[in-house]
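Presented below is the structure to which this report refers.
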Amino acid sequence: MEVAKPIQQNRLAALEKDIKKERRQLAVKRFFSNKTVLAGSIMLIFLTLFAFIGPLISQFTPLQIDPANRLAKPSSEHWFGTDNFGRDLFSRVAHGAQVSMGVGLSVAVLTAVIGMVIGLYAAYYSTLDHILMRVSDALMAFPDILLAIAIMAVLGPQPVNVVIAVTLAKIPVVARIVRSSALVIKEQTYIEAMRAQGASSWRIIWRHILPNTVSPLIVQVTYVFAIAIILEAALSFLGAGVPAPDPSWGNILYDGKIVIYNAWWMTVFPGAFIVMAVLALNLFGDGLRDLLDPHSNKALKE
């Protein structure tokens, strides 16, 4: 009997290892079979490579002025043409990708962390829920762009301030989504059992409720990422975002609107990259929703 126990334990360990391996293989298979998330992933990889490799392969700097080549058409020397100061547009769009996507990623991460904390504690403590949700209602009463402009008017046009303004505008949405998921989990029988056994509130919130709210949180964060890119472009276009001459997709569009009839490339290229980034994140988010939500129609078909 003593010899049989180690053998059974080894068999169980091997079986668990095989099950984990099969689950990983199934997850990879589902990922690659989902055309939506795959298309979004490919586009995001392309944008990331463009943001980091583009400035390295360009022979011009984004602030290098050349009045003699002002508003030059796309050519072998200037792949995206030049702007109204003779600056290479390819270099500016590539550096602008770092700024715009960096702002979007920062907003997504901060919004996820802060919104998750607010949503979890609001769901678990009813008194705190009334206070936090009323503050969220007040923030959500204003359109995102107007709230961001108001905050930027106080803080001033800087990339860090853009992150703060857009994050404050999007936190209530994420907090409400986490709260709604946490409220359902909070009423489950096993949570009541944990309370009866004397488990601390911290353990219940972070070890048992949080893991069940991660899926909707991740999906929502991808949409926040996309919206943050749009809001950053809008703020920069209005002169309240990233200040000139530092490039961002928004202020490149602002420079291009003055010469839109004479230099179409100044609006087409940055606009195309904004559309591509938002489309990629929306495709990625839709695909993740189908993969992570077991009740999704597409997930059930797979």
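Read the figures in this text as sums done on the coordinates, not as results from a lab. Computed from a prediction, not measured in an experiment: that's the story for all the values here. Positions of Cβ are backbone-derived with ideal geometry, glycine not excepted, and every protein chain shown enters the neighbour counts.
May I ask for the net charge around residue 262, where only other residues with Cβ less than 11 Å from the Cβ of residue 262 are counted and Lys, Arg are +1 while Asp, Glu are -1?
+2
Do you know the relative contact order of the range 35-86, to the nearest whole percent, from alpha carbon pairs under 8 angstrom that are 6+ apart?
Relative CO of the range 35-86 lands at 25 percent.
With an 8 Å cut-off on Cα pairs and a minimum separation of 6 or more residues, tell me the relative contact order of the range 117-236 in percent. Write down the numbers at each step before the final one.
Details: 95 pairs, mean separation 40.9, N = 120.
It rounds to 34 percent for the range 117-236.
Compute the signed sum of charges (Lys and Arg +1, Asp and Glu -1) over the other residues within less than 12 Å, Cβ to Cβ, of residue 55. Each step should come with its number before you reach the end.
Values: positive: 92; negative: 88.
Charge balance in the 12 Å sphere: 0.
Mind telling me which of 193, 122, 138 comes out most flexible in a GNM of the chain, alpha-carbon contacts under 10 Å?
It is 193.
Need one number: nm distance between label points at residue 33 and residue 109, each 7 Å from Cα along Cα→Cβ, rounded to one decimal.
3.4 nm
Using a 10 angstrom cutoff on alpha carbons, build the Gaussian network for the chain and name the most mobile of 108, 72, 148.
Checking each option, the largest mean-square fluctuation is seen for 72.
So what's the back-of-envelope 222 nm ellipticity for the chain, counting only DSSP H runs of four-plus at -39500 (n - 2.57) apiece and dividing by all residues, rounded to 500?
Roughly -25000 deg cm²/dmol at 222 nm, from the helical runs in the chain.
Could you list the residues of the range 71-86 with an amide nitrogen less than 13 Å from a label point located 7 Å from the Cα of residue 244 in the Cα-to-C-beta direction?
83-86
On a 0 to 90 degree scale, rounded to 10, what angle separates helix 4-33 from the longest Cα axis of the chain?
Relative to the chain, helix 4-33 is tipped by roughly 30 degrees.
How many nm is it between the label spots at residue 138 and residue 279, if each spot is 7 Å from the Cα in line with the beta carbon?
Between residue 138 and residue 279, the simple spin-label model gives 4.2 nm.
Separation of the range 30-59 and the range 198-273 by C-alpha centroid, Å?
Rounded to whole Å, the Cα centres lie 17 Å apart.
Starting from the Cα-Cα distance between residue 70 and residue 268, subtract it from 0.36 nm times their residue separation and give me the gain in nm to one decimal.
The span from residue 70 to residue 268 would gain 69.6 nm if fully extended.
Please report, in Å, the Rg and the Dmax of the range 50-121, where both are computed over Cα atoms only.
Answer for the range 50-121, Rg first and Dmax second: 17.6, 60 Å.
Between residue 241 and residues 5 or more places away or on another chain, which pairs have amide H atoms under 5 Å apart, with H built 1.01 Å from N, and which residues are they?
Amide H to amide H, under 5 Å and 5 or more residues apart or across chains, residue 241 pairs with 236.
Let me check against my output: what whole-number percent is the relative contact order of the chain, with C-alpha pairs under 8 Å and at least 6 apart? Intermediate values should be presented prior to the final figure.
Working: 420 pairs, mean separation 71.0, N = 302.
Reported relative contact order: 24 percent.
Can you tell which of 112, 233, 244 shows the greatest fluctuation in a Gaussian network model of the chain with Cα springs below 10 Å?
244
Please give the per residue volume of the convex hull enclosing the alpha carbon atoms of the chain, rounded to a whole number of Å³.
189 Å³
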